[in-house]
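Asks: Got a structure here, written out as structure tokens. Questions coming.
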Amino acid sequence: MFPNSILGRPPFTPNHQQHNNFFALSPTLYSHQQLIDAQYNFQNVDLSRAVTLQPLAYGTVSPIQTSTSPLFRGRKRISDEKNFPFDGKRQRFHSPHQEPTIINQIVPLSGDRRYSMPPLFHTHYVPDIVRCVPPLREIPLLEPREITLPEAKDKLSQQILELFETCQQQMSDLKKKELCRAQLQREIQLLFPQSRLFLVGSSLNGFGARSSDGDLCLVVKEEPVNQKTEARHILTLVYKHFCTRLSGYIERPQLIRAKVPIVKFRDKVSCVEFDLNVNNTVGIRNTFLLRTYAYLENRVRPLVLVIKKWASHHEINDASRGTLSSYSLVLMVLHYLQTLPEPILPSLQKIYPESFSTSVQLHLVHHAPCNVPPYLSKNESSLGDLLLGFLKYYATEFDWNTQMISVREAKAIPRPDDIEWRNKYICVEEPFDGTNTARAVHEKQKFDMIKDQFLKSWHRLKNKRDLNSVLPLRAATLKR
């Protein structure tokens, strides 16, 4: 079964399950004349033989308004689209006139088969997105490992455990996200028939809360995608498809240009906010690396959740506002647990290099959490002591000026002297591609605010030993 599927059925039709290797197709090259012919054929297609969208049984809502939506919208501006202001770091594009107009958004049939067509442009630029991902073979459901929560022997540890048990993501939350992913995959396959949509991030890595957003990765081909050109064009197609055909159950879609561009939207049925990227496959790999760490030791998940709640409460957990992303925070917690005098976590990439290598095919990465046994640490620190130690480590011990946080190496390492790390305030190494996950912290004011919050919270918690002194539990529980 598909690695994210928990619905008891494959998210694609049986006749698409004929290839065994994830990346096996040879490239398909289209000449400019073939693109012109394809555009002519699209404009003259027999609509009676075109793919039509079937209403989806999603909860009690029929998401597709087939009676009012035309098959072809051509160059007509979508009347209900809103213009959003540009901002310096992330710019939103909502007008279909800001990108070349898409001729059609349906795929003609030939007999009973559906063929993948390259995107059509008004210019001579043709991005290389025609080499699609062959279908995945079925992958069994990845069930969470049974793990007993640690015993709380003091008030602070008990507060952490109670917050975790109240706010951790439930299986029902995951099912809602998975249902939306499966439905969207079928819709996106009308544009890119052999693409696959992965649920990634906190929803699947074991560190999600009930309020966590959903992250999706659309994989369209084997090779890396140019995020400034190809990814933006693919997301433009997806965004327009969402606006024109899926407005019945998707609202507020936004195309956002960042280093990794995304489409943000909200699912009306589950009320979950989603971010969708293209071919950011490192996110698939690190999802399962973090999932392995999450279930390796029973203190990891409660500690990570309370730290994410603490950082969110103090407004230092928002990369779009120049502070720390949740991913960076998780890596900071894992790094701290690796660097204790008696480590609670090892470096999985050092102990199991074959399981966490970038050469592992994407349809096999989900096996890693199943192949790694629990880690037995001699460190018996309570959750309360670990939270205090985490705040103290980054407030007084870690050298922000010269060191880089590395979960891959399980230690703080010297910063490399190159442009990726030079003049950066916080350096957190991405375990697979080596980039800086904390690059959003680019203002000294925000950096000082983060350091100050670590120091203040450490002093306050050390004196009172009450979680309410740094994180009001009532508000945190209500937000969940």
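The values are calculated or read from the model by the stated rules, or taken from the named source; none is laboratory data. Quick caveat: nothing in here was measured; it's all calculated off a predicted structure. All Cβ positions, even for glycine, are placed from backbone atoms using ideal geometry, and neighbour counts span all protein chains on display. Just the protein is used for accessible areas: all its heavy atoms, side chains included, with ligands, DNA and RNA removed. Shrake-Rupley method; radii C 1.70, N 1.55, O 1.52, S 1.80 Å.
Residue by residue, here is whether (1) within 23 Å of the chain's Cα centre (by Cα); (2) farther than 23 Å from residue 465 by Cβ; (3) hydroxyl-bearing (Ser, Thr, Tyr); (4) at pLDDT below 95 holds:
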| site | (1), (2), (3), (4) |
| --- | --- |
| 363 | yes, yes, no, yes |
| 366 | yes, yes, no, yes |
| 370 | yes, yes, no, yes |
| 382 | no, no, yes, no |
| 387 | no, no, no, no |
| 390 | no, no, no, no |
| 397 | no, no, no, no |
| 404 | no, yes, no, no |
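Yes/no per residue for (1) at pLDDT below 95; (2) closer than 15 Å to residue 217 by Cβ; (3) open to solvent by 30 Å² or more (accessible area, probe 1.4 Å):
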| site | (1), (2), (3) |
| --- | --- |
| 256 | yes, no, no |
| 260 | yes, yes, yes |
| 304 | no, no, no |
| 316 | no, no, no |
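Asks: When only residues in the stretch 361-391 that are crowded, with 19+ Cβ neighbours inside 10 Å and either aromatic (Phe, Trp, Tyr) or out of contact with any helix residue (DSSP H, G or I) (no Cβ under 8 Å at 6 or more places or on another chain) (or both) count, which is farthest from residue 150 (Cα to Cα)?
Replies: Residue satisfying both the conditions and the ranking: 363.
Asks: Would you pick out the residues in the stretch 199-217 that are within 19 Å of residue 246 (Cα to Cα) and either at pLDDT below 95 or open to solvent by less than 10 Å² (accessible area, probe 1.4 Å) (or both)?
Replies: The answer is 214, 216, 217.
Asks: Based on what the data block shows, is residue 161 crowded, with 20+ Cβ neighbours inside 10 Å, out of contact with any Gly (no Cβ under 8 Å at 6 or more places or on another chain) and of a type outside the set (Asp, Glu)?
Replies: No, not satisfied.
Asks: Residue check: is residue 432 within 20 Å of residue 313 (Cβ to Cβ) and within 27 Å of the chain's Cα centre (by Cα)?
Replies: Against the criterion (within 20 Å of residue 313 (Cβ to Cβ) and within 27 Å of the chain's Cα centre (by Cα)), residue 432 does not qualify.
Asks: Could you tell me how many of the residues in the stretch 226-249 are β-branched (Val, Ile, Thr), under 20 Å from residue 190 (Cα atoms) and either within 18 Å of the chain's Cα centre (by Cα) or open to solvent by 20 Å² or more (accessible area, probe 1.4 Å) (or both)?
Replies: Qualifying residue count for the region: 2.
Asks: Another one. Sort out which residues of the stretch 320-342 are surrounded by fewer than 19 Cβ atoms within 10 Å (Cβ to Cβ) and of a type in the set (A, V, I, L, M), and write them in order of number.
Replies: Matches in the stretch 320-342: 340 only.
Asks: Looking only at the stretch 235-273, which residues are touching a strand residue (DSSP E or B) at 6+ places or on another chain (Cβ under 7 Å) and over 29 Å from residue 169 (Cβ atoms)?
Replies: 236, 243, 257
Asks: Of all the residues that make up the stretch 267-277, how many are open to solvent by less than 50 Å² (accessible area, probe 1.4 Å), assigned to a strand (DSSP E or B) and under 17 Å from residue 179 (Cα atoms)?
Replies: Qualifying residue count for the region: 4.
Asks: Do the conditions hold for residue 262, that is, is it in contact (Cβ under 8 Å) with a residue 60 or more places away in the chain and touching a helix residue (DSSP H, G or I) at 6+ places or on another chain (Cβ under 9 Å)?
Replies: The answer is no for residue 262.
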